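Q: The structure that follows is given in the form of structure tokens.
What follows is calculated from the coordinates using simple rules that are stated; it is not laboratory data. Keep in mind that what you see is a predicted model, and the values were worked out from it rather than measured. All Cβ positions, glycine included, derive from the backbone under ideal geometry; neighbour counts span all protein chains shown.
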Ligand code: SF4
């Protein structure tokens, strides 16, 4: 049991549903080494004034386990985790930027989220005859989020890519601190607009864990319907967009129609196309009516009818496959080390899905398949998404078949003046979203940390593009579709 | 593939009726706009979109304008890759400190006469991020918006209505 061995005889703090322990520097460093050995995975690393927290996942345990270690750093520094385990590096750079805590011994301390004033940023070099750099962004040629990419290329071949993010840093965690719960969940739902349901769900579940309440069964089912609709919309949109980046606009047009149908259904049923602010703490804000049920059933029938033709089109168009097969390979070993979630992980052998590993209602009662492939290329990521579209359709049908009756929200307990803490991990369309929050004695958010799956996926994109031609970057990038907003916060 | 292409010939079009211009938005456009646009815009509008700190929700809906339902290009409105080719900047997000310079530079690169449209509550006035020290509080903090399209995010049809209002004003 790697987790219990790490935290033996330390001081527990009340957190639900997973434990948190105050540890000393030795245990902290030991945890960093255990991460490096691959026995446990990194869930997140974050800070609040004067202390740092490390959330670890033991995937091998059954069921999987999570534990959080906290280290007080009164002198303003803590032993670097990134020195042992690369996935922690960007998180440590963030902690340094936003909280001024020094990761002692860290391999990279360049600013990450906070660009500071004036100081120029030193990009990592690649030197050799015939190499040159291509800077791109933060304003890109298309309608996408801002970030800066620095490519070092040899002819057409990318030798190194370095990402610089942080342009859409909105100070979200700062706004969350001190916010009442109803405002906080609206803010959390805007961490990344494409995952608004998943973020609101993660926040709500963490808050509910802290308050010791549970959403009623009907609410849990409706939440899952929303989450699967969100997954469906994003996968459909992205499958089309990936094909479009391979100059196959026909797929974009058809997938665009399917995606629009999903959004219109969401609008009709829940009153918002992206389903923002539909999940509330303790339940959902909108019940599902008989008409709503019929709309959703009509949608799944429609998608089932048209989607297979598009899949066939993708599968049988050699010019398209030529661009996606073997392109942008994320190596399974790297994916495992970074514990990359979602379709990126599952396209590279990492069979991890929160709905399976740490199931929350109603997924604990639902059987579904978790598609996994091993090639790790653009094609594999497209296929995982295709199969997940089918799984989501099946899940929606099954949830609706057994939709429980009853209330859709439970009332919040009276505030009793004591602080509380909660954690949650939920499966968004792009992977696992982690939320940790502590409430003060008045029921306001004292601190909240949200970790987007992109933190562990962006670095893999840097690796996956190596050795590919620059012209294939859009394809690789779109097949990853990492979030800028969710990451920059 | 042929099947999909042939189906396209026989199926009825999906496109919605044009939503028409919005009187309230029309009233919000200054006389300055009308004078300048008449010369510049015929029935075409080239847009450069800039995400200045959006949660990406607004981008998703702006993207949707291109799908078969809204088919923005039938109105002569198109998104361009370079600010040099643009008539207007469509800006989203509460303008983060880190996007300020990029937004200013993009604006400088657009040839005059030029306009700014704020899309979404964040771009209109900072939205939920108004109080954040990391944000400047809407497009107006940097550039003066000629038109504001509210919503979080605005629905595609609302965005379309806003853009058509601009064109309408230009033609009167
Ligand atoms: S207006 Fe709403 S959808 Fe648009 S960027 Fe702001 S929070 Fe996101």
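Q: For segment A:285-332, what class follows from the C-alpha gyration tensor (a ≥ b ≥ c being the square roots of its eigenvalues): rounded when a/c is under 1.5, otherwise prolate if a/b is larger than b/c, else oblate?
A: Because a/c hits 1.5 or more and a/b fails to exceed b/c, segment A:285-332 counts as oblate.
Q: Same structure, new question: Can you tell me the order of B:44-50, B:109-115, A:146-152, A:406-412 when each peptide is scored by its average per-residue count of other Cβ atoms within 10 angstrom, highest first?
A: The peptides rank, most packed first, as B:44-50, A:146-152, B:109-115, A:406-412.
Q: For peptide B:91-100, what's the mean number of Cβ atoms from other chains within 10 Å of each residue's Cβ?
A: 5
Q: I would also like to ask the following. Of all beta bridges DSSP finds with both residues in the protein assembly as shown, what is the antiparallel percent, to the nearest 5?
A: Close to 70 percent.
Q: Per residue of the protein assembly as shown, what 222 nm ellipticity follows from adding -39500 (n - 2.57) for every DSSP H run with n ≥ 4, rounded to the nearest 500?
A: Helices in the protein assembly as shown give a 222 nm mean residue ellipticity of -12500 deg cm²/dmol.
Q: Mind pulling the angle between the C-alpha long axis of helix B:31-40 and the longest principal axis of chain B? Nearest 10 degrees, somewhere in 0 to 90.
A: Once rounded, one gets 50 degrees.
Q: If we count other beta carbons within 10 Å of each Cβ, what is the order of A:276, A:226, fewest first?
A: Ranked by crowding around the Cβ, least crowded first: A:276, A:226.
Q: I would also like to ask the following. So what is log10(I(q)/I(0)) for segment A:197-339 at q = 0.16 1/Å, when the Debye sum runs over its Cα atoms only?
A: -0.93
Q: Going by how many other beta carbons lie within 10 Å of each one, how would you line up A:429, B:75, fewest first?
A: With the fewest neighbours first, A:429, B:75 line up as B:75, A:429.
Q: Across peptide B:146-153, what mean number of C-beta atoms from other chains lies inside 10 Å of a residue's C-beta?
A: Partner-chain Cβ atoms within 10 Å, mean over residues of B:146-153: 2.
Q: Taking beta carbons within 10 Å but only from partner chains, what does the mean come to for residues B:46-54?
A: Shielding by partners across B:46-54 averages 5.
Q: Does segment B:72-172 classify as rounded, prolate or oblate by the C-alpha gyration tensor (a ≥ b ≥ c root eigenvalues; a/c under 1.5 gives rounded; else a/b over b/c gives prolate, otherwise oblate)?
A: oblate
Q: Find the relative contact order for segment A:317-381 and round it to a whole percent, using C-alpha pairs within less than 8 Å whose residues are 6+ positions apart.
A: It comes to 44 percent, rounded to a whole number.
Q: Based only on other Cβ atoms within 10 Å, what is the fewest-to-most ordering of A:329, B:149?
A: A:329, B:149
Q: Any chance you could get the radius of gyration and Dmax over the Cα atoms of segment A:245-294, in Å?
A: 14.8, 46
Q: Indicate the gyration tensor shape class of the protein assembly as shown (rounded, prolate or oblate), computed on the Cα atoms with a ≥ b ≥ c the square roots of the eigenvalues: a/c under 1.5 is rounded; otherwise a/b larger than b/c is prolate and the rest oblate.
A: Verdict is rounded for the protein assembly as shown.
Q: Can you order the peptides A:100-109, A:366-375, A:232-241 by their average number of other Cβ atoms within 10 Å per residue, highest first?
A: A:232-241, A:100-109, A:366-375
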